[in-house]
Protein chains: 2
Amino acid sequence: MPTDASTALLTDRYELTMLDAALRSGVADRRSVFEVFGRRLPARRRYGVVAGTARVLDAIADFRFGEAELAWIAQTGVVGDETLDYLAAYRFGGDVIGYAEGECFFPGSPVLTLQGTFAECVLLETVILSVLNHDCAVASAASRMTTAAHGRPCLEMGARRTHEWSAVAAARAAVVGGFAGTSVMEAGRSYGIPTIGTAAHSFTLVHDDEEAAFAAQVAALGPGTTLLVDTYDVERGVERAVRAARTAGGELGAVRLDSGDLVAQAFTVRAQLDALGAATTRITVTSDLDEYAIAALGAAPVDSYGVGTKLVTGSGHPTAELVYKLVAREGADGKMVDVAKASASKKSVGGFKTAGRVVEDGVAAEELVVAADSLADAAPVLTAAGARPLQVPLVSAGVIAEEHRGPGALRAAAERHLASRAELPYEGWRLSEGEPAIPTRHVTLT
Amino acid sequence: MPTDASTALLTDRYELTMLDAALRSGVADRRSVFEVFGRRLPARRRYGVVAGTARVLDAIADFRFGEAELAWIAQTGVVGDETLDYLAAYRFGGDVIGYAEGECFFPGSPVLTLQGTFAECVLLETVILSVLNHDCAVASAASRMTTAAHGRPCLEMGARRTHEWSAVAAARAAVVGGFAGTSVMEAGRSYGIPTIGTAAHSFTLVHDDEEAAFAAQVAALGPGTTLLVDTYDVERGVERAVRAARTAGGELGAVRLDSGDLVAQAFTVRAQLDALGAATTRITVTSDLDEYAIAALGAAPVDSYGVGTKLVTGSGHPTAELVYKLVAREGADGKMVDVAKASASKKSVGGFKTAGRVVEDGVAAEELVVAADSLADAAPVLTAAGARPLQVPLVSAGVIAEEHRGPGALRAAAERHLASRAELPYEGWRLSEGEPAIPTRHVTLT
């Protein structure tokens with residue numbers, strides 16, 4: 001995505017009509033607190049993974065109404081002139097705190113909190129949720145896959161199975177969840193992620209035979225390349241692949257298996273490679289993998305996993321189910337009031353919240369969420385419980401904390417996720433459905 | 001998405017390495033036929049819906065390597081200088097035919113077929129699949145929902161639950177599948193889709209009470225607006241909503257219900273509205289709807305459906321499972337050869353294919369797919385079977401058929417889908433899992 005594109009119209013119409021009505025009724029300037037949180041984890045998973053924070057900050061920076069956007073809104077008649085003037089001058093000038101990217105989260109974790117006027121915060125709802133719901137879903141799936149892979153590299157190859165720009169964001173989120181590379185070039189350019197991939201079946205088929213195709217690929221990419229060996233017959237494919245590399249004076253880097261029973265095939269191919277003396281030639285597998293298939297391949301002699309569809313679609317849960325709710329706002333008397341919708345089925349806890357993770361002997365024990373007027377008011381409760389504070393400043397009076405979106409942010413997020421996941425109790429790493437890895441405890445001081 | 005953005009890096013690295021190796025081995029210029037098709041329909045659905053054709057044509061038009069793209073590729077060292085020169089001059093100059101947007105498709109339907117050199121076709125694989133797999137998935141879900149809605153309007157509101165640019169494409173695909181409007185402003189601007197939406201719970205909560213919020217909204221949007229009545233207590237909410245509109249001198253347009261048991265609530269609220277004399281006030285519902293929930297609301301007095309998560313994520317199947325395969329290519333002797341991967345689990349049928357739908361007494365009976373060297377060769381078989389030809393020219397010698405991506409294309413696609421779906425046998429409209437609505441019959445003339 002060109003970085004100079006405005007994100008202002010990636011917005012539900014009702015954010016604009018609410019702004020318009022709020023400007024007329026006089027509540028637009030009321031100080032407000034909006035919170036992003038999940039009422040539950042999808043599919044009774046054990047934890048979620050915060051991802052997309054850097055993209056949220058980009059989206060906030062690019063959230064401005066230029067001439068083209070204003071002209072189009074004016075033409076629709078969705079809002080009046082006063083609102084158009086407001087939009088023309090719009091820059092988010094409030095504060096944002098949130099879980100640092102890569103951190104694990106749980107039901108009720110205040111993943112992101114915005115403080116500002118009602119008007120400036122409400123406008124950002126749609127794009128913030130879009131980014132976080134997508135990226136957290138992919139990172140959460142990625143983390144389960146890298147857990148299942150037990151240190152073997154996982155590579156993202158799902159671009160073709162999702163929207164073309166989602167693919168780029170998915171590659172980034174996958175890295176937050178522990179992936180080592182991506183197939184998609186734009187993700188390499190935008191985020192510095194190592195790109196991978198050598199050839200598809202079409203490359204073999206366009207040549208007159210497999211020997212010619214392998215020779216061509218080795219000539220272009222060197223013997224250290226990965227040859228796809230299942231276009232015709234795997235056994236002959238492996239034999240030809242090893243020979244093609246040796247003819248070029250080297251040992252083959254890897255073979256790729258993309259169909260059939262991967263567990264059985266991995267053993268057969270490993271034995272064949274070893275018998276051919278190609279002990280250093282690796283095996284990579286790529287056919288419809290998810291965290292369960294990866295786990296099932298754990299005992300097979302596989303060296304890396306290429307994951308497509310299931311990764312970029314969140315392994316059955318393509319959205320993180322995060323919501324963006326007003327939890328406190330200024331009243332007519334100038335004092336802040338906690339608010340929450342009354343619905344029994346969609347429960348929210350009102351008020352500004354501070355969160356910490358209680359860690360005992362290096363193992364996470366509890367997500368402590370304290371409703372208090374400020375981080376400072378809640379700090380003693382966190383300290384008393386021995387909780388590590390989870391929120392970091394991301395935007396202060398409209399100024400973005402560059403360390404959370406700059407070039408080092410992705411690597412830091414991936415490292416943070418590894419540490420945060422390592423801290424979970426053993427139960428938290430299980431792939432099966434169950435309770436969150438740690439319980440969330442709400443404390444209200446106000 | 002800015003329309004002048006290059007799509008060239010929305011591409012898997014292996015398309016570039018295959019190009020590089022093919023240029024070296026001399027097969028890059030071989031005439032080739034690539035086909036997009038699905039081996040099966042997701043979740044044993046009855047039919048798929050072609051969507052995204054106009055976006056594919058946009059992506060092809062914007063597939064060019066400018067200075068920025070070339071500089072970055074050069075820096076990665078993924079390809080050699082000859083390939084960089086090829087990319088700098090790249091413009092797709094081949095032919096594309098495909099099912100017209102909105103048409104139903106089935107397993108084995110040749111949804112899109114590209115003819116050109118291996119090099120020019122292979123490069124487009126990733127972005128074409130990204131667009132079609134996403135858009136067809138959403139349109140297929142949308143079509144099931146509008147079938148279940150039996151003519152009541154369905155409105156797309158899922159932007160917040162998917163990637164920010166997927167949301168825009170999803171809104172468009174939803175219209176192909178019969179949706180009447182979208183919440184997301186950019187979809188209104190980019191595709192002329194009517195935008196909808198009035199207010200969220202936060203708007204009620206930022207005011208001192210519900211009366212103040214309703215009065216503010218009615219003042220801004222008029223009494224014909226839709227008021228969200230479930231922030232506190234639905235019964236009182238409805239009463240206040242009707243009063244707010246009447247105080248402003250009108251009758252309320254609609255109430256929106258966003259939580260609880262929607263079926264029971266719809267009856268209660270309808271009775272209350274009628275008792276209040278607000279017989280013209282409509283009821284719209286919006287909480288976690290999918291095609292089954294919509295069907296369950298069929299007997300309830302509901303006037304429209306707002307659908308979010310399940311629509312934009314394909315109702316459980318966020319990708320259409322379409323693949324892009326080389327099915328024929330020129331041999332060393334200059335003659336075309338049908339090709340296909342030999343894998344038993346990933347079966348393909350080789351050769352250029354012509355498709356027609358056999359319709360008997362107005363009811364679709366069979367998808368007839370004829371492998372022959374050209375449309376002309378296959379035409380007599382289609383004619384003999386009484387089959388309606390399904391493929392239309394989309395790109396001819398690099399020139400895009402503007403009627404398939406211009407301003408009228410979306411409306412035409414929606415109308416085409418209605419007609420195509422209406423033609424399916426009754427079984428084809430069922431929401432339950434089952435066999436495709438019609439069988440696919442392959443005939444090979446070559």
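Of all residues in segment B:284-301, which are among the small types (Gly, Ala, Ser) and closer than 17 Å to B:Arg161 by Cβ?
B:Ser287, B:Ala293
The single condition among (1) of a type outside the set (A, V, I, L, M); (2) crowded, with 24+ Cβ neighbours inside 10 Å; (3) in contact with a strand residue (DSSP E or B) (Cβ under 8 Å, 6 or more places away or on another chain) that B:Gly93 does not satisfy is (2). Restricted to segment B:147-231, the set of helices (runs of 4 or more DSSP H) holding at least 2 residues that are more than 7 Å from every other protein chain (Cβ to nearest Cβ) and within 20 Å of A:Thr319 (Cα to Cα) comprises B:164-176. Here A:Thr440 fits the description: among the hydroxyl-bearing types (Ser, Thr, Tyr) and either within 21 Å of A:Gly102 (Cα to Cα) or crowded, with 16+ Cβ neighbours inside 10 Å (or both).
Each row is one residue, and each column tells you yes or no for (1) in a strand (DSSP E or B); (2) within 27 Å of the chain's Cα centre (by Cα).
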{"residue": "A:Gly306", "(1), (2)": "yes, yes"}
{"residue": "A:Lys310", "(1), (2)": "no, yes"}
{"residue": "A:His317", "(1), (2)": "no, yes"}
{"residue": "A:Ala328", "(1), (2)": "yes, no"}
{"residue": "A:Asp333", "(1), (2)": "no, no"}
{"residue": "A:Ala342", "(1), (2)": "no, no"}
{"residue": "A:Val349", "(1), (2)": "no, yes"}
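I'm trying to understand the selection: among the residues of segment A:122-146, which are out of contact with any Phe, Trp or Tyr (no Cβ under 8 Å at 6 or more places or on another chain) and within 11 Å of another protein chain (Cβ to nearest Cβ)? Hits for segment A:122-146 are A:Thr126, A:Ser130, A:Val131, A:Leu132, A:Asn133, A:His134, A:Asp135, A:Ala137, A:Val138. Here A:Ala378 passes the criteria (1) touching a strand residue (DSSP E or B) at 6+ places or on another chain (Cβ under 7 Å); (2) assigned to a loop (DSSP other than H, G, I, E, B) except the one numbered (2).
Those residues that are among the polar types (S, T, N, Q), surrounded by fewer than 18 Cβ atoms within 10 Å (Cβ to Cβ) and modelled with pLDDT of 95 or more, I need them from segment A:340-397; list them, please. Answer for segment A:340-397, where residues must be among the polar types (S, T, N, Q), surrounded by fewer than 18 Cβ atoms within 10 Å (Cβ to Cβ) and modelled with pLDDT of 95 or more: A:Thr383, A:Ser396. Taken as a whole, the structure leaves B:Ser32 outside the set of residues that are among the hydroxyl-bearing types (Ser, Thr, Tyr), at pLDDT 95 or above and assigned to a helix (DSSP H, G or I).
The set of residues in segment B:18-64 being more than 18 Å from the chain's Cα centre (by Cα) and under 19 Å from B:Ala397 (Cα atoms) consists of B:Ala28, B:Asp29, B:Arg30, B:Arg31, B:Ser32, B:Val33, B:Phe34, B:Glu35, B:Ala61, B:Asp62, B:Phe63, B:Arg64. Scanning segment A:406-446 for residues that are part of a loop (DSSP other than H, G, I, E, B) and over 17 Å from the mean Cα position of the chain (by Cα) yields a total of 15. Given the condition of a type in the set (Gly, Ala, Ser), in contact with a helix residue (DSSP H, G or I) (Cβ under 9 Å, 6 or more places away or on another chain) and without any contact (Cβ under 8 Å) to a residue 12 or more places away in the chain, answer yes or no: does some residue in segment A:38-59 qualify? No, every residue in segment A:38-59 fails to be of a type in the set (Gly, Ala, Ser), in contact with a helix residue (DSSP H, G or I) (Cβ under 9 Å, 6 or more places away or on another chain) and without any contact (Cβ under 8 Å) to a residue 12 or more places away in the chain. All of (1) within 18 Å of B:Thr83 (Cβ to Cβ); (2) more than 26 Å from the chain's Cα centre (by Cα) hold for B:Leu9 with one exception: (2). Does segment B:369-405 hold any residues that are free of Cβ contacts under 8 Å to residues at least 60 places away in the same chain and within 20 Å of the chain's Cα centre (by Cα), and which are they? Residues satisfying the conditions are B:Glu402, B:Glu403. Residues in segment B:59-73 that are of a type in the set (D, E, K, R) and surrounded by 17 or more Cβ atoms within 10 Å (Cβ to Cβ): B:Asp62, B:Glu69.
For segment B:124-149, a residue qualifies if it is of a type in the set (A, V, I, L, M, F, W, C) and surrounded by fewer than 24 Cβ atoms within 10 Å (Cβ to Cβ), and the qualifying residues are B:Ala148, B:Ala149.
Given the structure, is A:Arg152 surrounded by 21 or more Cβ atoms within 10 Å (Cβ to Cβ), basic (Lys, Arg) and touching a residue at least 40 places away in the same chain (Cβ under 8 Å)? Spelling it out, it is not the case that A:Arg152 is surrounded by 21 or more Cβ atoms within 10 Å (Cβ to Cβ), basic (Lys, Arg) and touching a residue at least 40 places away in the same chain (Cβ under 8 Å).
The number of residues in segment B:1-17 being in contact with an Asp or Glu (Cβ under 9 Å, 6 or more places away or on another chain) and either touching a residue at least 60 places away in the same chain (Cβ under 8 Å) or more than 8 Å from every other protein chain (Cβ to nearest Cβ) (or both) comes to 11.
Residues in segment B:323-340: is at least one among the hydroxyl-bearing types (Ser, Thr, Tyr), facing chain A (nearest Cβ under 9 Å) and closer than 30 Å to B:Glu164 by Cβ? Write out each step before concluding.
Residues of segment B:323-340 that are among the hydroxyl-bearing types (Ser, Thr, Tyr), as a first pass: B:324.
Still in the running and facing chain A (nearest Cβ under 9 Å): B:324.
Narrowing further to those that are closer than 30 Å to B:Glu164 by Cβ: B:324.
Within segment B:323-340, one or more residues are among the hydroxyl-bearing types (Ser, Thr, Tyr), facing chain A (nearest Cβ under 9 Å) and closer than 30 Å to B:Glu164 by Cβ.
Residue by residue through segment A:292-304, note down the ones that are buried (at least 23 other Cβ atoms within 10 Å of the Cβ) and either in a loop (DSSP other than H, G, I, E, B) or among the acidic types (Asp, Glu) (or both). Passing the criteria: only A:Val302. Every listed requirement among (1) outside any loop (DSSP other than H, G, I, E, B); (2) facing another protein chain (nearest Cβ under 9 Å) is met by A:Gly356 save one, (2).
Tell me yes or no: at least one residue of segment B:72-88 is more than 14 Å from chain A (Cβ to nearest Cβ) and out of contact with any Ser or Thr (no Cβ under 6 Å at 6 or more places or on another chain). Looking for residues that are more than 14 Å from chain A (Cβ to nearest Cβ) and out of contact with any Ser or Thr (no Cβ under 6 Å at 6 or more places or on another chain), one finds at least one in segment B:72-88, hence yes.
Give segment A:364-404 a look and list any residue that's at positive phi and in contact with a Phe, Trp or Tyr (Cβ under 8 Å, 6 or more places away or on another chain), or say none. The one that is at positive phi and in contact with a Phe, Trp or Tyr (Cβ under 8 Å, 6 or more places away or on another chain): A:Gly398.
Across segment A:232-256, what is the total count of residues that are β-branched (Val, Ile, Thr), crowded, with 24+ Cβ neighbours inside 10 Å and part of a helix (DSSP H, G or I)? Explain how you work it out, then say what you get.
First, pick out the residues of segment A:232-256 that are β-branched (Val, Ile, Thr): A:234, A:238, A:242, A:247, A:255.
Adding the requirement that they be crowded, with 24+ Cβ neighbours inside 10 Å leaves A:238, A:255.
Adding the requirement that they be part of a helix (DSSP H, G or I) leaves A:238.
Qualifying residue count, segment A:232-256: 1.
Using beta carbons and a limit of 8 Å, which pairs, at least six apart or on different chains, have the first residue in segment A:290-313 and within 13 Å of another protein chain (Cβ to nearest Cβ) and among the hydroxyl-bearing types (Ser, Thr, Tyr) and the second one in a loop (DSSP other than H, G, I, E, B) and surrounded by 23 or more Cβ atoms within 10 Å (Cβ to Cβ)? Note: pairs meeting the criteria are A:Thr309/A:Gly158; A:Thr309/B:Thr319; A:Thr313/A:Gly158; A:Thr313/A:Thr162; A:Thr313/B:Thr313; A:Thr313/B:Pro318; A:Thr313/B:Thr319.
The values are calculated or read from the model by the stated rules, or taken from the named source; none is laboratory data. Just so it is clear, the structure is predicted and the values come from calculations on it, not from any experiment. Note: ideal-geometry Cβ built from the backbone for every residue, glycine included; neighbour counts use all protein chains shown.
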